[in-house]
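Note sheet for the following structure.
The values are calculated or read from the model by the stated rules, or taken from the named source; none is laboratory data. Just so it is clear, the structure is predicted and the values come from calculations on it, not from any experiment. Here Cβ is always computed from backbone atoms with ideal geometry, including for glycine, and neighbour counts include all displayed protein chains.
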Amino acid sequence: MSGYAWLAGAIATEIVSTSLLKLSDGFTRLVPGVGAIALVAASFYCLAQAQKTIPLGIGYAIWSGVGILAITAIGWIGFRQKLDLPAMVGMALILAGVLVIRLYSRAEA
């Protein structure tokens, strides 16, 4: 499997684990809490596999940036959390950073 496939798996499991953290209500609900812990471990495993072929900083920047954007969208849509203008501007800057890294960086060459 390619490094970016592993990275996609790391991002997906991190997004679900973070959503489960919210549903665990501070680890007072057993099933979402255990699921969150298991998926965090799976996410780090996938990220470690991705790091075999993707440079550390590039992989981590994409993993964290896409995770932040996805969790913010889930919070906004799924949990009805509000976003103000500074938060939206910050998210746009994160998205721009991820796109610049992925589209223009030659660090992985």
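Among the conditions (1) among the basic types (Lys, Arg); (2) free of Cβ contacts under 8 Å to residues at least 12 places away in the same chain; (3) closer than 17 Å to residue 9 by Cβ, residue 80 misses just one, which is (3).
Among the residues of segment 4-18 satisfying the criterion of being more than 21 Å from residue 79 (Cα to Cα) and of a type in the set (Gly, Ala, Ser), which is surrounded by the most Cβ atoms within 10 Å (Cβ to Cβ)? If you could, list the steps in order and put the result at the bottom.
Quick first cut of segment 4-18, residues more than 21 Å from residue 79 (Cα to Cα) only: 4-10.
This time we only want the ones that are of a type in the set (Gly, Ala, Ser), so: 5, 8-10.
Numbers: 5: 12, 8: 17, 9: 18, 10: 26.
By that ranking, first place goes to 10.
Every test in (1) surrounded by fewer than 13 Cβ atoms within 10 Å (Cβ to Cβ); (2) in a helix (DSSP H, G or I) is passed by residue 21 save one, and that test is (1).
Determine which member of the set 94, 101, 54, 58 is of a type outside the set (Gly, Ala, Ser), at pLDDT below 95 and closer than 24 Å to residue 22 by Cβ. Quick ask: steps written out before the conclusion?
Values: 101 fails: closer than 24 Å to residue 22 by Cβ; 54 fails: closer than 24 Å to residue 22 by Cβ; 58 fails: closer than 24 Å to residue 22 by Cβ.
Sole residue among the options that is of a type outside the set (Gly, Ala, Ser), at pLDDT below 95 and closer than 24 Å to residue 22 by Cβ: 94.
Quick one: which helices (runs of 4 or more DSSP H) sit completely within segment 26-109 and have at least 2 residues that are surrounded by 13 or more Cβ atoms within 10 Å (Cβ to Cβ) and among the aromatic types (Phe, Trp, Tyr)? Even if it seems obvious, please write down each step before you answer.
On the way: elements: 30-50, 56-78, 85-104.
Hits in segment 26-109: 30-50, 56-78.
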